[in-house]
Amino acid sequence: MAGKNVVDGNVRKKNKSLILNAAKSEFVIHGFDGASIKRIAERAGIPRANIHYYFADKTDLYQQLLDGILEVWNSSYDTLNAKDDAKTALTAYIRAKVMYSKEDPESSRIFASEIIHGAPVLKSYLSSDYKSWVQEKVAVIQSWVDKGQMDPINPYHLLFLIWGATQHYADFSVQVVAAMNTPKMTEQDYEEVVQSLTQLILKGVGIAI
C-alpha cells in the first residue's frame, strides 16, 4: 500500500508539472483572458479532463502557477542577507536575477503581465507576504548603509532598479535581441549583462569594484 501511495504521488507530481509548464506557455502567449484549458491540455499532451482533476478551473491553475513562481523567487533567488557584506550579497543577487531571466523568462513575463493588469490575483499577496519580504530586504540594505558599506540611498529604489534592469532581459527579450541585432542572446551575452549591471549598480551605490 505504501509503495502504491508513492507511485500515485509521483504520477500526480509529474502530471501537475506537465500541466503547469504547458499553462505557463499558454498564459505568456495569450494572457489570462485569452488562455484556453483546451490548448493547455493539448500542449501538455493529456486529456482535458485530467486538468480538471488537478485544478478547479483556469483561475485556480493560474493562481497555483503564480504561487509556484513566487515560491522560487523568494527562496532560490534570495541572496540579500545581513550576514553577508553588501558587495558580496548584491553581486550574487544581480547574477541570480539575470540568470533567472535567461533560464525561465516565461515566469518573469507572466508575473509582469499580472502586475501590469493591476494584480487581480496577487492583490492579497502584495499587501501581505510580499510587503513583509520587501521590508526585510529594505532593512538589510539600510543596515549596509548604516555600517558605511555603501552610500546613503533609498533601499526601495535600489531594489526596483535591480528588478527592472535584470528582468528586462526576460520581459523585453524581443526588443533586446532586435537592438543587439542577434537572433538570440548567448551564454556570453548574459555574462556580459551580469558584468555590466554589477559594475553600474555597485559603483552607483558607492561600492568599489
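Computed from the coordinates by the stated procedures, all read-outs in this text should not be read as laboratory data. None of the values given here were measured: they were computed from a predicted structure. Don't worry about glycine lacking a Cβ; one is built from the backbone with ideal geometry, like all the others, and counts go over all protein chains shown.
Note on the chain: GNM, Cα springs under 10 Å; of MET99, MET180, MET150, the largest mean-square fluctuation is that of MET180. Once the Cα-Cα distance is subtracted from the 0.36 nm per residue extended length, the ASP189 to SER128 segment shows a gain of 18.3 nm. Taking amide H atoms as placed 1.01 Å from N in the peptide plane, the amide H of ASP104 has no partner under 5 Å among residues 5 or more positions away or on other chains. Between VAL138 and LYS38, the distance separating the two model label sites (each 7 Å from Cα on the Cα→Cβ line) works out to 4.7 nm. Springs join every pair of Cα atoms under 10 Å in this Gaussian network model of the chain, and among SER75, SER36, SER107 the largest mean-square fluctuation is at SER75.
Please state the shape class of the chain: rounded when a/c is under 1.5, otherwise prolate if a/b exceeds b/c and oblate if not, all from the C-alpha gyration tensor. Prolate is the answer for the chain, as a/c is 1.5 or above and a/b outweighs b/c.
Pairs spanning more than 21 Å between alpha-carbon atoms, out of LYS14/LYS97; LYS13/LYS131; LYS97/LYS131; LYS87/LYS147; LYS83/LYS123: LYS14/LYS97; LYS13/LYS131; LYS83/LYS123. Please build a GNM for the chain, connecting alpha carbons under 10 Å apart, and tell me which residue among PRO120, PRO155, PRO105 fluctuates the most. Greatest mean-square fluctuation among the candidates belongs to PRO120. Among the trypsin sites (Lys or Arg not before Pro) within the range 68-102, those in coil by DSSP and having at most 12 neighbouring Cβ atoms inside 10 Å are LYS83.
To the nearest 10 degrees, how steeply does helix 58-75 sit against the main Cα axis of the chain, on a 0 to 90 scale? The angle comes out at about 30 degrees.
Over 23 Å, how big is the tail of the calculated P(r) for the range 85-206, in percent of all Cα pairs?
Tail of the P(r) past 23 Å holds 38 percent of the pairs.
When you restrict to C-alpha pairs under 8 Å that are six or more residues apart and normalise by the size of the range 76-209, the relative contact order lands at 38 percent. Within the same chain, lysines fewer than 8 places from LYS102 are excluded, and of the rest, those with a Cα less than 17 Å from its Cα are LYS24, LYS184. Once the mean of 1/r is taken over each pair of separate Cα atoms and inverted, the range 44-88 shows a Kirkwood hydrodynamic radius of 13.3 Å.
The length gained by stretching the chain between ASN50 and LYS14 to full extension, at 0.36 nm per residue less their Cα-Cα distance, is 11.7 nm. Classify the range 1-65: rounded, prolate or oblate, from the alpha-carbon gyration tensor (a ≥ b ≥ c, eigenvalue square roots; a/c under 1.5 rounded; otherwise prolate if a/b is larger than b/c)? It comes out prolate by the Cα gyration axes.
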